[in-house]
Amino acid sequence: MNLALEEARTAAARGEVPIGAVLVDGDGNVLAQAGNRSEERSDPTAHAEMEVIRQACAARGEQRLPDCALYVTLEPCPMCATAISFARLARLYYGAADSKGGGVEHGPRIFHQPTCHHRPELYPGIGEDAAATLLRDFFQERR
């Protein structure tokens, strides 16, 4: 999670919402790491989670990553939660909960839907305080 937090700080320095993600394989090797790039790319899908899933799938030449775990600083949104399911990620670790935009334990709760074909193991609250502080500080500076 420390690498994901560092990616979030780097994203904030670029003016992006400070969310970072790291994708690791079953042996703990980092396959991809990224922060949000939606502003930079003018792309609403350039969330940190989407970036690392795309990078890891491209590197492996596969669309599924069943032995992998994703670490992300904020509860994934519905789009990212769906991508996590489609990629068949084994585990999801996330920091701060997102009561407004989350799609895992809040909002549509993607993994609890009967149409969801794959549900990763969930580990919420990892590095929660640091992730929440980073987000809170980022938005306070912009007000």
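The values are calculated or read from the model by the stated rules, or taken from the named source; none is laboratory data. Predicted model only: the values in this text are computed from it and were never measured. Cβ atoms come from the backbone with ideal geometry, glycine included; neighbour counts cover every protein chain shown. These area figures cover heavy atoms from the full protein model, side chains too; ligands, DNA and RNA do not enter into them. Shrake-Rupley method; radii C 1.70, N 1.55, O 1.52, S 1.80 Å.
Of all the residues in region 71-100, those that are crowded, with 24+ Cβ neighbours inside 10 Å and in a strand (DSSP E or B) number 8. Annotation note: of L65, L23, the sole residue that is assigned to a loop (DSSP other than H, G, I, E, B) and either closer than 18 Å to V104 by Cβ or free of Cβ contacts under 8 Å to residues at least 12 places away in the same chain (or both) is L65.
Among the residues of region 27-51, those that are open to solvent by 50 Å² or more (accessible area, probe 1.4 Å), of a type outside the set (D, E, K, R) and touching a residue at least 12 places away in the same chain (Cβ under 8 Å) comprise V30, L31, Q33.
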